[in-house]
Amino acid sequence: MSLTDFIQNYRKNKRILFTTPSHGQGNFVVPECRKMLGKKFYTCDFSEIEGFDNLSNPTGILDAIQNGSAYLYGAKAAFYLTNGSTSGIIAAMYSVLCRNDKVLIARNCHKSVYNGLVLTGAVPVWIMPKYNHEWGIYETIDLDYLEEILSRNSDIKAFIMTNPTYEGVMTDIYRVSAICKKYNVFLIVDEAHGALWNFHKSLGTPSLVQGADIVVQSLHKTAGALNPSSILLLNKDCVIPKERIQEALNLITTTSPSYPMLLNIDSTINYLDSDEGWQKLVDLTKNVNRFIRAIKSIPNIQVYQYNNDITKILIKITNMSGFELSDILFSKFGIEDECANEKSVLFITGLGTDKFKLKKLEKALDKISLSNIMITEEKTKESPIVNIEPRVRYTPNAVWGRAFREVEVKFAMSRVSMELICDYPPGIPVLIPGEVIKKEHIEYLINKKQTIKVLL
């Protein structure tokens, strides 16, 4: 039984509730909310009333639907996340790491990993992914270097990485998993942008299938769910007990989870697994591939296509910075991209992307490309590339709450940062508390901010 069926059956009882939430399943709705959301949204919003279930200790309907999803994904356990992949990443870290445990982290991980470092007290060891200067993006990690690090650090307990990357670049998780198992290291994969892979294998192979121990996916990023719908998946072969994951989630998850969000997660997964959902994915891949073929024929336009998920479309135009292209698309055509850098622009597609939206983008790019001869070299001056290898002085947990002072960025050389600095999106840290401020950091920050917090 789906959560939708469960709630619809409950409504037939017409019970009178003197419980939270106080809107009384839509008996009262703030007028502006009624206008935007309608009353029906509220009719599926419940607390843990008699006959329902508790997300922190599921034994009824929530246990049943999560077990159903675990079977569907081929996992030992599945956990619905109503406050995003961030909660899943932190819970995954909590489940395997204790204070002073070493954890290897790919530097292009999301800033939620930093939050996990503060909370667990684990010691970060960083591995830098390859950096593509031509496109201004991180690519995959060097797997030989990964093995070298693990062979030299027998006390590393877990490895955390992102797959696919924000721009859709995929790593050979089969090999990563084999390396991690060789050195008895847990593999945690932030697969936030790979939520469609389980349902259309041509987009990518799920990290869980490739041997990752814990995988976290964001259903809202490409699969059509509401923000911030996510799911955590535990590998069948992983020695971590599912109870440990539940305990970790309970530390950071509200005791009043949203039933509309849970219904939304469950319904999205059921849709993806349906014939209608399959056809929707077939249409999406067909439309995106057609779009890519079309724009590749436009002069001056390049499309990134190196081992990547095609739902992430990375584009650049000759002699035009990504920032310029982004500004023109927004100001002249009303088209907003996901993210831009000095070199390229990223467009994320998903179940809500139809052929008409793609056609509008194609026409806009065609017009911009034809006028590209007016772009001069002076307009495309480069800013410093953000690819700075970190030097850790203290763990994030060790400096949390300690005294600091603000200094001008130009005078911050060799001081210890007390700030988490990252461009958002994508939310990849440039500098985190406990790290030494280098010359490259100052070059990057000098025109972005006047002061920076440093450790006293």
Inset, instruction - Please list, ordered by first then second residue, the pairs with beta carbon atoms under 9 Å, 6 or more apart or interchain, first in segment 61-90 and of a type in the set (Lys, Arg), second assigned to a helix (DSSP H, G or I). - result: Lys76/Ala70; Lys76/Lys242
Legend entry - Neighbours by Cβ (under 7 Å, 6+ apart or cross-chain): first from segment 410-426, acidic (Asp, Glu); second outside any helix (DSSP H, G or I): Glu419/Leu431; Glu419/Pro433; Glu419/Ile452; Glu419/Lys453
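Of the residues that make up segment 315-328, is at least one assigned to a helix (DSSP H, G or I), acidic (Asp, Glu), under 20 Å from Asn227 (Cβ atoms) and modelled with pLDDT of 95 or more? Quick ask: steps written out before the conclusion?
Residues of segment 315-328 assigned to a helix (DSSP H, G or I): 322-328.
Retained after the next criterion (residues that are acidic (Asp, Glu)): 324, 327.
Right, trim to under 20 Å from Asn227 (Cβ atoms) and you get none.
No, segment 315-328 contains no residue that is assigned to a helix (DSSP H, G or I), acidic (Asp, Glu), under 20 Å from Asn227 (Cβ atoms) and modelled with pLDDT of 95 or more.
Return the only residue of Glu32, Glu134, Glu48 being farther than 20 Å from Val215 by Cβ, surrounded by 18 or more Cβ atoms within 10 Å (Cβ to Cβ) and out of contact with any helix residue (DSSP H, G or I) (no Cβ under 9 Å at 6 or more places or on another chain).
Details: Glu32 fails: surrounded by 18 or more Cβ atoms within 10 Å (Cβ to Cβ); Glu134 fails: surrounded by 18 or more Cβ atoms within 10 Å (Cβ to Cβ).
Of the residues listed, the single one that is farther than 20 Å from Val215 by Cβ, surrounded by 18 or more Cβ atoms within 10 Å (Cβ to Cβ) and out of contact with any helix residue (DSSP H, G or I) (no Cβ under 9 Å at 6 or more places or on another chain) is Glu48.
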Inset, instruction - Can you work out which of the residues in segment 392-418 that are within 20 Å of Trp126 (Cβ to Cβ) and β-branched (Val, Ile, Thr) is surrounded by the fewest Cβ atoms within 10 Å (Cβ to Cβ)? - result: Val392
Legend entry - Matching residues in segment 295-308 - criterion: being assigned to a helix (DSSP H, G or I) and either of a type in the set (Phe, Trp, Tyr) or surrounded by 17 or more Cβ atoms within 10 Å (Cβ to Cβ) (or both): Ile295
Legend entry - Residue check for Cys109: on the phi < 0 side of the Ramachandran plot and free of Cβ contacts under 8 Å to residues at least 40 places away in the same chain: no
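Got a sec? Which of Leu370, Leu361 is modelled with pLDDT under 95, among the hydrophobic types (A, V, I, L, M, F, W, C) and farther than 30 Å from Leu104 by Cα?
Values: Leu361 fails: modelled with pLDDT under 95.
One residue alone meets the criteria, Leu370.
Inside segment 80-123, can you point out the residues that are touching a Lys or Arg at 6+ places or on another chain (Cβ under 8 Å) and not small (Gly, Ala, Ser)?
Of segment 80-123, the ones touching a Lys or Arg at 6+ places or on another chain (Cβ under 8 Å) are 95-97, 101-103, 120-123.
Residues satisfying the conditions are Val96, Leu97, Asp101, Lys102, Val103, Thr120, Val123.
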Inset, instruction - Kindly list the number of the only condition in (1) at pLDDT below 90; (2) closer than 26 Å to Ile269 by Cβ that fails for Glu50. - result: (2)
Inset, instruction - Determine which member of the set Met261, Met320 is buried (at least 16 other Cβ atoms within 10 Å of the Cβ) and within 30 Å of Ala64 (Cβ to Cβ). - result: Met261
Inset, instruction - Output the number of residues of segment 32-81 satisfying the condition of being of a type in the set (S, T, N, Q), within 22 Å of Ala248 (Cβ to Cβ) and in contact with a Gly (Cβ under 9 Å, 6 or more places away or on another chain). - result: 1
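The values are calculated or read from the model by the stated rules, or taken from the named source; none is laboratory data. Since the structure is predicted, the reported quantities are computational estimates derived from the model, not experimental observations. Note that we place each Cβ from the backbone using ideal geometry, even for glycine, and neighbour counts take in every protein chain shown.
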